[in-house]
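Note sheet for the following structure.
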Amino acid sequence: MAAGATISVKGLAHAFRSGSGSVSALDGVDLEVPAGGYASLMGSSGAGKSTLLAILGGLEPPQRGSVVVGDTDLSRLRGDGLARYRRSTVGFVFQHFGLIGTLSALENVELATILTRLPRPARRARTLALLHAVGLGQRTTHKPGELSGGERQRVAIARALANEPRLILADEPTGNLDEASARGVIELLEQLHAERGCTVLVVTHNRAIAGRASQQIALSRGRILAATCHQSGEGRRSG
Amino acid sequence: MSPKDAFALAVKEVIRRLGRSVLTLLAVALAACLLTALVLISRTAETEVLRQLAKGGPLASIKVAAAAPDPSQLANDNARPGSPRDLGPQAARAIGRLPDVASVVPVITSRMIFVPSAGAPGAGRPEPSYFFDTAVGADLRDPSLLPISVLAGRLPAPGSLTEVAVTPGYLERLRLDPAEPEKVLGAELEMGPPRVFDELEEQTFRALWQRTEIVGVVAQEAAPGGIVTSIEHTRRAQRWSAASDGDTGELELSNSPYTGLVVVADGLDRIGKVRRQITDIGYSTSAPENLIASVQRYLNVVEIVLTAIGSIALVIACLGIANALLAAVRERRREIGVLKAIGARDRDILFVFLIEASLLGALGGVLGSLGGWAAASAVGIVVNSYLTAQGLLGLHLGPSWGVLLLGVLGSTLLASVAGAVPALKAARLPAREAVSES
Ligand SMILES: Nc1ncnc2c1ncn2[C@@H]1O[C@H](COP(=O)(O)OP(=O)(O)O)[C@@H](O)[C@H]1O
Ligand SMILES: [Mg+2]
C-alpha cells in the first residue's frame, strides 16, 4: 500500500482573471500536512478552499509560491505532467459526486483504472474489491440515478481510491447529504484513512466533522487564519 | 486511455443523448443519401449518354472510309472524304499494326432490294411492296468491337446468309411501333442484290434472291444502311452486282474490297493520333471524338454541380454534429472537469469527442449511402421504363462501390472535422471545472 504524501505549501498565491481585473483567491498560504495526516479545511464561501484543493490536486498549476506533494513539485508540472500526477497520486471526492450518469457504479470506478491503463483483468478485481470495501458490493450494476446520495458518494470514494492514491482531497463531501449519510461517509473516509495510510484533506462547513480531524485549518479570504493540531485519535471519537 | 476504451465511452455518450444523436444522425444520413444519389445518377447519366453516342460500341472507335483523306478535314468529326480509293485487307492489316490501335473490323455495304414476306407484321401495307436499302455487312465474330447495340433479339450469326438484323428505320418504313421491336423478330425478309442488264435500249434488273429471317433489331453506326448482315452475305452481294453492265449509278457500286473499316483505338485520348496516322496511310477517317469531348465536358460540369449540392448538404449536416457536440460540451463542463480530475489527459477528452463525431458521421454515411443507392436505383427503374417505352436502350446502374465508399468516408471525415471544434473546446476546458460551484 502506497504511504501517504506530505503536503508542503509555501507562499502560495493564486488569482483569477475576471472581466474588470483580477480576483485574488489565495494570498500567501503556508501549509504543512504530514504524510498520512488527516486534515480538515474550513472557511466561509469564497474563502479559497476549492482553489487550494484544485492546486493541491493538480487541477491547476500554482501561480506563485511552492507546492510540493510527496516528492512532486507541482509548480514544475503542466498539461500531461499534471494529468499523470492526478492519475497516480490524487483521489478526488466532490460535493456533487461527479459520477457519470450513463455508467454503472462498477463502470464509474473502473473508468479511473482505465485512465491509468491498468491491465484489463486487474481492473475488474480491484474495482469489485473497492466497491465491497465501501459497502456497495451488491449494487455494482446500478447507475448513479438508482443510488441514494450517500451511496453515490461511496461510489465516488471507491473511484477516488481506484489508483491507490497517496492523497485524498474531498471538497465538501457531505454538503449534499443528510446527517446520517454524512456521518456514514465521514466514517468511511476515516476508516479508509486508517487502513490505507493515505493523507486526507477534507473541506467542510460542518464543525463537528472538522473537529474529528487531527489537524484543522481555517481559511479566510485566501489566507490561513489558524491551524490547530490535535493528538491523533482525539478527533476520531465517535460522536 | 486506449482507443478501445475511448470508443466505448464515446458510444455510451451517443446513447446517453439518444434523441439528439438520432436527429444529427438522420441529418447526416439524408445528406449522404442526397450526395451518393446525385453522384450515382450523374455518373450513370454520363456513361449512358456516351454509350448511346457510341451506339453500344467502343467509345474510341474510328470509321475509315474507302476514300483518300481530305487533309483540311482532320479536325472534323465527320470528315468529308476525298476521292474514292480502294480499301482492302492489305490496308486493314497496315492500320491494325499501328500503335494505339486495338482492333480493326472490315465492313462491306451493298445496295439491295428488300421484300418483306406476306403475312409478316406490317408487310404489304405501304406501297410498293419492295424497297431499296443498303445492307451493312460486318465481321460479326466480336460484336463488342462494332458500334452496334442490340435493342431486341440478337445479331445474325457470323457467316450466316439466312439471318439479318434490322434497324428502327426499317420498323418505321413498315409503320411498326418502335416501342415493340420484338414483334418483328422471326419475320421473313426476302432480299437480293440487283445486277443490271442493258437489253435492247431497256435496262432490266435481276436479283440474287435470298430468303432470310429477322433475328434482331439493332441500332448501328458502322455504316449508313437499314439492314445488318454478316460480311460474307454482303461480299457475295457485292460480287453479284459488280458484274452489272450499263449505267449502275443507283447501285453505288465500288471496286473497293471493303466499304470501310471500324477501328478501335486504345483510348479516347488516342483517337486524334490514330486518325493522323491513318491519314498518313492515305484514308479518310471520321470519329465522334469532338462530339464526345464536348459532351463529356458538359456532363462533367453537371456532375460537379450535383456533387457540390450534395456536398453542401453534407457540410450542413456536419455543422449539425458540431452544434450538438458544442451544446454537449457546454452542458458537461463539470463532468469533463471530473474526467480530468481522475486523470484523463486533454487528448483523451479530445479523442472521446472526435470518436463521437466520427461515429455519427460514419453511421450516417453508411445509412445514407445505402439509401442514396436505393434512391438512384429507384430513379433508374423509372427512367428505364421510360427509355424502353421510347424504344431506346435501357440504362444499367451497377453497384458503384467507389461512390458508396466516398459517401461513407466523406461523411466520416467531414463529421470528424466538424467535431474537431467542440472536441478541442472540451479538451481545453480547465480541469478546475471539477470543483466549480455551478
Ligand atoms: N474560475 C474562476 N474564475 C474567477 N474567479 C473564481 C473562479 N473560481 C473561483 N473564483 C473566485 O475565487 C475565490 C475563491 O473561490 P473558491 O476557491 O471556489 O472558494 P470556496 O471553495 O472557498 O467557496 C472566490 O472569490 C471566487 O469568486
Ligand atoms: Mg468551493
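The values are calculated or read from the model by the stated rules, or taken from the named source; none is laboratory data. Since this is a predicted model, take the numbers as computed values, not measurements. In this analysis, Cβ positions are derived from the backbone assuming ideal geometry, glycine residues included, and neighbour counts consider all displayed protein chains.
Condition check for B:Ile355 on (1) away from chain A (no Cβ under 14 Å); (2) in contact with a Gly (Cβ under 7 Å, 6 or more places away or on another chain); (3) among the β-branched types (Val, Ile, Thr): one failure, at (2).
Working carefully through the options B:Ala91, B:Ala31, B:Ala37, find the one that is at pLDDT 75 or above, in contact with a strand residue (DSSP E or B) (Cβ under 9 Å, 6 or more places away or on another chain), buried (at least 22 other Cβ atoms within 10 Å of the Cβ) and in a helix (DSSP H, G or I).
Working: B:Ala31 fails: in contact with a strand residue (DSSP E or B) (Cβ under 9 Å, 6 or more places away or on another chain); B:Ala37 fails: in contact with a strand residue (DSSP E or B) (Cβ under 9 Å, 6 or more places away or on another chain).
After ruling out the rest, the residue left standing is B:Ala91.
Checking each residue in the stretch B:325-354 for being buried (at least 23 other Cβ atoms within 10 Å of the Cβ) and among the aliphatic types (A, V, I, L, M) picks out B:Leu325, B:Ile336, B:Val338, B:Leu339, B:Ala341, B:Ile342, B:Ala344, B:Ile349, B:Val352, B:Leu354.
Condition test on A:Ala158, is it at pLDDT 90 or above and either more than 23 Å from A:Leu99 (Cβ to Cβ) or touching a helix residue (DSSP H, G or I) at 6+ places or on another chain (Cβ under 6 Å) (or both)? Considered against the rule, which asks whether it is at pLDDT 90 or above and either more than 23 Å from A:Leu99 (Cβ to Cβ) or touching a helix residue (DSSP H, G or I) at 6+ places or on another chain (Cβ under 6 Å) (or both), A:Ala158 comes out as yes.
Do the conditions hold for B:Ser385, that is, is it surrounded by fewer than 20 Cβ atoms within 10 Å (Cβ to Cβ) and over 23 Å from B:Gly407 (Cα atoms)? Step through it out loud before you land on a result.
Working: surrounded by fewer than 20 Cβ atoms within 10 Å (Cβ to Cβ): yes; over 23 Å from B:Gly407 (Cα atoms): yes.
For B:Ser385, the condition - surrounded by fewer than 20 Cβ atoms within 10 Å (Cβ to Cβ) and over 23 Å from B:Gly407 (Cα atoms) - is met.
Scanning the stretch B:190-249 for residues that are within 27 Å of B:Pro288 (Cβ to Cβ), of a type in the set (Gly, Ala, Ser) and assigned to a loop (DSSP other than H, G, I, E, B) gives B:Ala222, B:Ala223, B:Gly225, B:Gly226. Each residue in the stretch A:12-33 was checked for being within 16 Å of ligand 2 (Cβ to nearest atom) and either crowded, with 16+ Cβ neighbours inside 10 Å or more than 13 Å from chain B (Cβ to nearest Cβ) (or both), and 6 of them qualify. Cβ separations smaller than 6 Å between residues 6+ apart or across chains give the following pairs from the stretch A:101-122 residues that are facing chain B (nearest Cβ under 8 Å) to residues that are part of a helix (DSSP H, G or I): A:Gly101/A:Pro144; A:Thr102/B:Lys12; A:Thr102/B:Arg16; A:Ala112/A:Arg159; A:Ile114/B:Asp5; A:Leu115/A:Arg87; A:Thr116/A:Arg87. Note on the stretch B:1-19: among residues that are small (Gly, Ala, Ser) and over 45 Å from the mean Cα position of the chain (by Cα), the one that is surrounded by the fewest Cβ atoms within 10 Å (Cβ to Cβ) is B:Ser2. Restricting A:Gly58, A:Gly36 to those that are away from every other protein chain (no Cβ under 14 Å) and surrounded by 16 or more Cβ atoms within 10 Å (Cβ to Cβ) reduces the list to A:Gly36. Listed conditions (1) within 16 Å of ligand 2 (Cβ to nearest atom); (2) of a type outside the set (Gly, Ala, Ser); (3) assigned to a strand (DSSP E or B) are all met by A:Leu59, apart from (3).
The residues of the stretch A:53-73 that are within 17 Å of A:Ala15 (Cα to Cα) and of a type in the set (A, V, I, L, M), listed by number, are A:Leu53, A:Ala54, A:Ile55, A:Leu56, A:Leu59, A:Val67.
Within the stretch A:123-166, the residues that satisfy the criterion of being within 22 Å of the chain's Cα centre (by Cα), within 13 Å of chain B (Cβ to nearest Cβ) and assigned to a loop (DSSP other than H, G, I, E, B) are A:Ala162, A:Asn163, A:Glu164, A:Pro165. Restrict the check to the stretch B:287-308 and report whether at least one residue is touching a strand residue (DSSP E or B) at 6+ places or on another chain (Cβ under 7 Å) and either outside the structural domain of B:Ile349 (by TED's automatic domain parsing) or at pLDDT below 85 (or both). Yes, the stretch B:287-308 has at least one match. Among the residues of the stretch B:324-342, the ones that are at the interface with another protein chain (Cβ under 8 Å from one of its Cβ atoms) and either of a type in the set (Phe, Trp, Tyr) or in contact with a Phe, Trp or Tyr (Cβ under 9 Å, 6 or more places away or on another chain) (or both) come to 4 in all.
Contact map, the stretch A:188-204: first residue on the phi < 0 side of the Ramachandran plot, second residue of a type in the set (Asp, Glu) and surrounded by fewer than 23 Cβ atoms within 10 Å (Cβ to Cβ), Cβ cut-off under 7 Å, separation 6 or more or different chains; pairs are A:Val203/A:Glu172; A:Thr204/A:Glu172. All conditions in (1) more than 10 Å from chain B (Cβ to nearest Cβ); (2) more than 16 Å from ligand 1 (Cβ to nearest atom); (3) buried (at least 22 other Cβ atoms within 10 Å of the Cβ) hold for A:Ala3, with the sole exception of (3). Taken over the stretch A:32-54, the criterion of being in contact with a Lys or Arg (Cβ under 9 Å, 6 or more places away or on another chain) and hydrophobic (A, V, I, L, M, F, W, C) is satisfied by A:Ala35, A:Leu41, A:Met42, A:Ala47, A:Ala54. Filtered by the rule that a residue be within 10 Å of ligand 1 (Cβ to nearest atom) and buried (at least 16 other Cβ atoms within 10 Å of the Cβ), the stretch A:39-48 gives A:Leu41, A:Met42, A:Gly43, A:Ala47, A:Gly48. How about the stretch B:275-322: which of its residues are part of a helix (DSSP H, G or I), within 27 Å of the chain's Cα centre (by Cα) and polar (S, T, N, Q)? The answer is B:Asn290, B:Ser294, B:Gln296, B:Asn300, B:Thr307, B:Ser311. Hey, any hits in the stretch A:122-130 for a residue that's of a type in the set (D, E, K, R), in contact with an Asp or Glu (Cβ under 6 Å, 6 or more places away or on another chain) and away from ligand 2 (no atom under 16 Å from the Cβ)? Yes - at least one qualifying residue is present in the stretch A:122-130. Within the stretch A:189-206, which residues are among the polar types (S, T, N, Q) and within 15 Å of the chain's Cα centre (by Cα)? Scanning the stretch A:189-206 gives A:Gln191, A:Thr199, A:Thr204. Of all the listed residues (A:Gly28, A:Gly11, A:Gly65), the sole one being small (Gly, Ala, Ser), more than 29 Å from A:Ile209 (Cα to Cα) and part of a strand (DSSP E or B) is A:Gly65.
Only a single criterion out of (1) under 23 Å from B:Lys63 (Cα atoms); (2) among the β-branched types (Val, Ile, Thr); (3) modelled with pLDDT under 90 is not satisfied by B:Val115, namely (1). Among the residues of the stretch A:75-100, those that are among the charged types (D, E, K, R) and more than 8 Å from chain B (Cβ to nearest Cβ) comprise A:Arg76, A:Arg78. For the stretch A:207-215, the condition of being within 15 Å of the chain's Cα centre (by Cα), within 16 Å of ligand 1 (Cβ to nearest atom), surrounded by 16 or more Cβ atoms within 10 Å (Cβ to Cβ) and within 14 Å of chain B (Cβ to nearest Cβ) holds for none of the residues.
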